[in-house]
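The values are calculated or read from the model by the stated rules, or taken from the named source; none is laboratory data. Since the model is a prediction, treat every value here as computed from it, not as a measurement. Cβ coordinates were reconstructed from backbone atoms using ideal geometry, including for glycine residues, and neighbour counts include every protein chain displayed.
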Amino acid sequence: MPESSPPEHRASTRSRPSAVALAQSWLPTVRITILSIVLALLIGALLIAVSNDDVLSKFEYFFADPGDGLWAAIETIADTYWALLNGSFGSGAAIASTLERAAPLTCAGLGVTLAFRVGLFNIGAQGQLIAGAVCAAYVGFTWDMPPALHLVVAVLAGMIGGAIWGGVVGLLKAQTGAHEVILTIMLNYVALSILRWLLTLEAFQVPGSNDPKSPVVDSDARFPDLLGVHSGVYVALLSAVVVWWLLSRSTVGFEMRAVGANPDAARTAGISIAKAYILVMLLAGLLAGLAGAQQVNGHEDPLTDGIAGSLGFDAITVALLGRGTPSGTVLAAILFGALDSGGRQMQAATGTPLDLTTILQALIVLFVAAPALVRGAFRVRDREAGDAVLAKGWG
Amino acid sequence: MGTATVIESAEAPVAVVSPAERRRYIRVVSILGVAALLQLWMLVETADGDFTFRAQAASAEQDAIDLTLGGPMLATICLVITAVVLALVAAAPALRRRIGAVAAVQRGPLFVGLAILAGLAFIVGFCVWVYSGQARTEPLPMTNPLAGTLEFATPLALGAIAGAMCERAGVINIAIEGQFLVGAFFASVIGTIAWSPYLGLVGGMGAGVALGALLALFTIRYMVNHIVVGVVLVVFATGTTGFLLDQIPDDKNSDLNSPPILETWEVPGLSDVPVIGEAVFAQNLLVYLMYAAVPVAWFLLFRTRWGLRVRAVGEHPRAADTVGIRVRARRWQAVLAGGVFAGLGGAYYTVGSTGAFDKDASNGTGFIALAALIMGRWHPVGAFFAALFFGFVSQMQFQLQILQKIPTELLGMTPYLATIVAVAGLIGGRAKPPAADGQPYEKD
């Protein structure tokens, strides 16, 4: 939109709802989400029971002594979920671990969320995150700088790296009409290949070693601890606020949402679709790059080819669960961080595979997205909660 | 790029060149230009010596067939081909008014043909450079990539066809990767229990259909955003197969997860055809099923009443409903039919190639199949060719790895880069999905 846009477009013109109305409008969503989690846990419980050898052996004489089998099943399920809860919120360390896992998920998830709001399906958080991690790590372990500045420069480098990787997608999409799904999928692989290649170079390896593993970043380029968690957590929260402001209070955000809601109408109104695509992919990459920086600057983790793990894909699920809003994305990331953190404890304590948490994550998102199913399962009546704008098609 | 502008003249009607058209022209010409420059550089770097292409490896019945040509000579030929294509495409707008036929070079089949020609010339020139200057007394010949190409392409084509079935009916299928994973897992488990890879295939199909049923249930019955369901089903399939695999104790692995592998069948007569026979007609059942799947899917979608209705539902469900087509039923059928193909594609990763299921056995190829579907413009035949293209480049990078001229890690990204160049550079234009793709349908 040209600079002379009328002021009423600057922010959404809806009047602010009162606190009560706000709570009422949120209630169904909260209830559906909680019920979805319960339903997912119930299905997870079933999986735990039927796949546990001990329980199964007791079910072999189920008809002779049904109590024994049921009791064993309940005990196993309770043990597993207790370990899951304990590992995610049971202690200060557990909560810190949950939050620290949630931080990069928040940032990368916000990137996916932003792209969704413009109608782009950004599967490329993985590649953008890798690009960011590479840049942040390189600055972190090679450059020599004063403490605070070093961290800032390293994180900025990560954000720029991610922004470039994401911006390429926006540019190609705007210029050539190539589909962003293809571009982002392919660029994920390209980023991973480049990372693997870099790790074979001496510049990226621990001196005197031949392992595909970088040195850890200097201690002065690490996020300092603050109230028990590394300060990257606060950066993640701050970025959620910034994204919220951008989407709902700024002109640029208004234009982005307009493009996402109806590109043809937006074009007619004089909004440049190409500009929106490029800008949103730059920002999405920037946020994913920030997530990458948190991966290498958060702890003493070296750069390896597994640095991104499945973060980039989890970010998509987080964004979907967050229903396209920054606050939802933060909450979804915390839930996923908790499942991830607790899942490790669960695996260590009870031997239940970590994949159980992946299943739970999938089920929760699925049920939240299908409120009719959840309402049917629990026989509750609610009016339909409004659906957020997401990428609805191939565009 | 002054040539792109149309010269105003009084007598001839002025052709209007849109900015998009001009950008495309600049893009195509610069890509071809870069390709020609790279080839020139490779030609300079190509060491003297022969380049041997082993079109057919020696076997019990047949001798090896080698094609040998001087390396620099071949590289020069390739460079000339690329240069001629570049010149033709670059000069097309200027010549368009004088010689009408030249305009065809810019678009349509002729352009595609030229682009493929230039691409092949580039690849051959590249191979000549990579294979030249080997520090061996007997330089390695380049082996025929056809068999490997087909093997890479088989699951991709099957997955992309599955996607075409769903999306032609208006259901976006991002869950192809998930269908691959469950297909691979259950093909392995059922193949092991029944001790038959063919029953394994049936198991894989069943699993693909089952995941398809979940996709249909949530997108059609519960009208959940299709992309949400697709992504979630991939996560769900990854988690479930990983979880179940971990729950198989080590000592039970041989009872549950070590299936027999499909054996190779030689088509009598055809497999003896020199050069291509061995590669195309001495494969396992799954590859033959893939050959069959392409025309079958095309016939189903474009030559039957069922297919016409499916496509109508994907383009304009309201209109289809008005004339009495049952929209939801057709969508269910199409998604389940797609599941058969995707499940087979998944089975390739266990009973079709390596045997036992490993975590993430399909390694993201379901997403490549999705890309092939879009590249092939939601058409089974187009998707097949896109899958072949990807398979070919994957096989090439795989073969070139042993020469170690380029770091393996960098070579690994060529299939993905090639896809980006093809999609963003040469094909361009907006691929148009079915009009109602991803739209839920609710009766008023």
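Can you pull out the residues in segment A:265-281 that are more than 14 Å from A:G127 (Cβ to Cβ) and part of a helix (DSSP H, G or I)? So that I can check it myself, show each step before the final result.
First, the residues of segment A:265-281 that are more than 14 Å from A:G127 (Cβ to Cβ): A:265-280.
Selection gives A:A265, A:A266, A:R267, A:T268, A:I273, A:A274, A:K275, A:A276, A:Y277, A:I278, A:L279, A:V280.
Starting from segment B:401-425, take each residue that is surrounded by 17 or more Cβ atoms within 10 Å (Cβ to Cβ) and list its partners that are among the small types (G, A, S) and part of a helix (DSSP H, G or I), counting only C-beta distances under 6 angstrom and pairs at least six apart or across chains.
Listed pairs, sorted by first residue: B:E409/A:S193; B:G412/A:S193; B:M413/A:S193; B:P415/B:S394.
Got at least one residue in segment B:336-349 being closer than 30 Å to B:D246 by Cβ and not in a helix (DSSP H, G or I)?
The initial filter retains those residues of segment B:336-349 that are closer than 30 Å to B:D246 by Cβ, namely B:336, B:338-349.
Okay, now just the ones that are also not in a helix (DSSP H, G or I), so B:348-349.
Yes, the conditions are met somewhere in segment B:336-349.
Which helices (runs of 4 or more DSSP H) sit wholly inside segment A:106-208 and have at least 1 residues that are small (G, A, S), more than 12 Å from chain B (Cβ to nearest Cβ) and crowded, with 21+ Cβ neighbours inside 10 Å? It would help to see each step written out before you state the result.
On the way: elements: A:125-142, A:147-176, A:180-198.
Hits in segment A:106-208: A:125-142, A:147-176.
Based on what the data block shows, is B:K432 at pLDDT below 85 and either part of a helix (DSSP H, G or I) or more than 9 Å from every other protein chain (Cβ to nearest Cβ) (or both)? Lay out the reasoning, then the answer.
Numbers: at pLDDT below 85: yes; either part of a helix (DSSP H, G or I) or more than 9 Å from every other protein chain (Cβ to nearest Cβ) (or both): no.
In short, no.
Residues checked against (1) surrounded by 24 or more Cβ atoms within 10 Å (Cβ to Cβ); (2) not charged (D, E, K, R):
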{"residue": "B:E138", "(1), (2)": "no, no"}
{"residue": "B:A153", "(1), (2)": "yes, yes"}
{"residue": "B:A160", "(1), (2)": "yes, yes"}
{"residue": "B:A210", "(1), (2)": "no, yes"}
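What do you reckon, is B:L301 out of contact with any strand residue (DSSP E or B) (no Cβ under 7 Å at 6 or more places or on another chain), more than 8 Å from chain A (Cβ to nearest Cβ) and buried (at least 21 other Cβ atoms within 10 Å of the Cβ)?
Values: out of contact with any strand residue (DSSP E or B) (no Cβ under 7 Å at 6 or more places or on another chain): yes; more than 8 Å from chain A (Cβ to nearest Cβ): yes; buried (at least 21 other Cβ atoms within 10 Å of the Cβ): yes.
Judged against the criteria, B:L301 is a match.
Quick check: is even one residue across segment B:269-292 without any contact (Cβ under 8 Å) to a residue 12 or more places away in the chain, out of contact with any helix residue (DSSP H, G or I) (no Cβ under 9 Å at 6 or more places or on another chain) and away from every other protein chain (no Cβ under 14 Å)?
Start the filter on segment B:269-292 by keeping residues that are without any contact (Cβ under 8 Å) to a residue 12 or more places away in the chain, which leaves B:269-271, B:273, B:277, B:291-292.
Okay, now just the ones that are also out of contact with any helix residue (DSSP H, G or I) (no Cβ under 9 Å at 6 or more places or on another chain), so B:292.
Of the ones still in play, those that are also away from every other protein chain (no Cβ under 14 Å) are B:292.
Looking through segment B:269-292, at least one residue is without any contact (Cβ under 8 Å) to a residue 12 or more places away in the chain, out of contact with any helix residue (DSSP H, G or I) (no Cβ under 9 Å at 6 or more places or on another chain) and away from every other protein chain (no Cβ under 14 Å).
Name the one entry in B:T149, B:T143 that is touching a strand residue (DSSP E or B) at 6+ places or on another chain (Cβ under 8 Å), surrounded by fewer than 24 Cβ atoms within 10 Å (Cβ to Cβ) and in contact (Cβ under 8 Å) with a residue 24 or more places away in the chain. Full working, then the answer.
On the way: B:T149 fails: touching a strand residue (DSSP E or B) at 6+ places or on another chain (Cβ under 8 Å).
Of B:T149, B:T143, the one residue that is touching a strand residue (DSSP E or B) at 6+ places or on another chain (Cβ under 8 Å), surrounded by fewer than 24 Cβ atoms within 10 Å (Cβ to Cβ) and in contact (Cβ under 8 Å) with a residue 24 or more places away in the chain is B:T143.
Would you mention how many residues in segment A:339-362 are within 7 Å of chain B (Cβ to nearest Cβ), part of a helix (DSSP H, G or I) and not β-branched (V, I, T)? If you could, list the steps in order and put the result at the bottom.
To start, the set of residues in segment A:339-362 that are within 7 Å of chain B (Cβ to nearest Cβ) comprises A:353, A:355-356, A:358-359, A:361-362.
Pick out the ones that are also part of a helix (DSSP H, G or I) and you get A:355-356, A:358-359, A:361-362.
In the following step, the residues that additionally are not β-branched (V, I, T) were identified as A:355-356, A:361-362.
Number of matching residues: 4.
Can you confirm whether segment A:281-299 contains a residue that is surrounded by fewer than 24 Cβ atoms within 10 Å (Cβ to Cβ), without any contact (Cβ under 8 Å) to a residue 12 or more places away in the chain and not hydroxyl-bearing (S, T, Y)? Write out each step before concluding.
Residues of segment A:281-299 that are surrounded by fewer than 24 Cβ atoms within 10 Å (Cβ to Cβ), as a first pass: A:282, A:298-299.
Filter once more, so that each one left must be without any contact (Cβ under 8 Å) to a residue 12 or more places away in the chain: none.
No, there is no match, as no residue in segment A:281-299 is surrounded by fewer than 24 Cβ atoms within 10 Å (Cβ to Cβ), without any contact (Cβ under 8 Å) to a residue 12 or more places away in the chain and not hydroxyl-bearing (S, T, Y).
Is there a residue being farther than 22 Å from B:A418 by Cα and of a type outside the set (S, T, Y) anywhere in segment B:27-41?
Start the filter on segment B:27-41 by keeping residues that are farther than 22 Å from B:A418 by Cα, which leaves none.
No; the residues of segment B:27-41 include none that is farther than 22 Å from B:A418 by Cα and of a type outside the set (S, T, Y).
Given the conditions (1) within 14 Å of another protein chain (Cβ to nearest Cβ); (2) buried (at least 23 other Cβ atoms within 10 Å of the Cβ), and given that B:G339 satisfies all but one, which numbered condition is not satisfied?
Here B:G339 meets the rest and fails (1).
Hey, among B:V234, B:V224, which residue is assigned to a loop (DSSP other than H, G, I, E, B), within 30 Å of A:L320 (Cβ to Cβ) and not acidic (D, E)?
Numbers: B:V234 fails: assigned to a loop (DSSP other than H, G, I, E, B).
Answer to the selection: B:V224.
For segment B:140-161, indicate whether the set of residues that are under 30 Å from B:M396 (Cα atoms), modelled with pLDDT under 95 and acidic (D, E) is non-empty.
Looking through segment B:140-161, at least one residue is under 30 Å from B:M396 (Cα atoms), modelled with pLDDT under 95 and acidic (D, E).
Rundown of residues vs (1) part of a helix (DSSP H, G or I); (2) of a type in the set (F, W, Y); (3) modelled with pLDDT of 90 or more, yes/no style:
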position	(1), (2), (3)
B:Y25	yes, yes, no
B:L38	yes, no, yes
B:W41	yes, yes, yes
B:F51	no, yes, no
B:A60	no, no, no
B:D66	no, no, no
B:I77	yes, no, yes
B:P93	yes, no, no
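Restricting to segment A:262-274, what's the tally of residues that are out of contact with any Pro (no Cβ under 7 Å at 6 or more places or on another chain) and either among the small types (G, A, S) or touching a residue at least 12 places away in the same chain (Cβ under 8 Å) (or both)?
Summing the residues that are out of contact with any Pro (no Cβ under 7 Å at 6 or more places or on another chain) and either among the small types (G, A, S) or touching a residue at least 12 places away in the same chain (Cβ under 8 Å) (or both) in segment A:262-274 gives 7.
From A:A94, A:A83, grab the single residue that is surrounded by 15 or more Cβ atoms within 10 Å (Cβ to Cβ), within 29 Å of A:G132 (Cβ to Cβ) and not acidic (D, E). Break it down stepwise before answering.
Details: A:A83 fails: within 29 Å of A:G132 (Cβ to Cβ).
Of the residues listed, the single one that is surrounded by 15 or more Cβ atoms within 10 Å (Cβ to Cβ), within 29 Å of A:G132 (Cβ to Cβ) and not acidic (D, E) is A:A94.
Which of the residues belonging to segment A:225-239 are under 18 Å from A:A93 (Cβ atoms), surrounded by fewer than 20 Cβ atoms within 10 Å (Cβ to Cβ) and in contact (Cβ under 8 Å) with a residue 40 or more places away in the chain?
A:G228
Take B:A184 and decide whether it is in contact with a Gly (Cβ under 9 Å, 6 or more places away or on another chain) and closer than 18 Å to B:A383 by Cβ.
Working: in contact with a Gly (Cβ under 9 Å, 6 or more places away or on another chain): yes; closer than 18 Å to B:A383 by Cβ: no.
So B:A184 fails the test.
Listed residues B:V381, B:V351; which is over 18 Å from the mean Cα position of the chain (by Cα), among the β-branched types (V, I, T) and away from chain A (no Cβ under 11 Å)? Walk me through how you get there before you give the answer.
Numbers: B:V381 fails: over 18 Å from the mean Cα position of the chain (by Cα).
B:V351 is the lone residue from the list that is over 18 Å from the mean Cα position of the chain (by Cα), among the β-branched types (V, I, T) and away from chain A (no Cβ under 11 Å).
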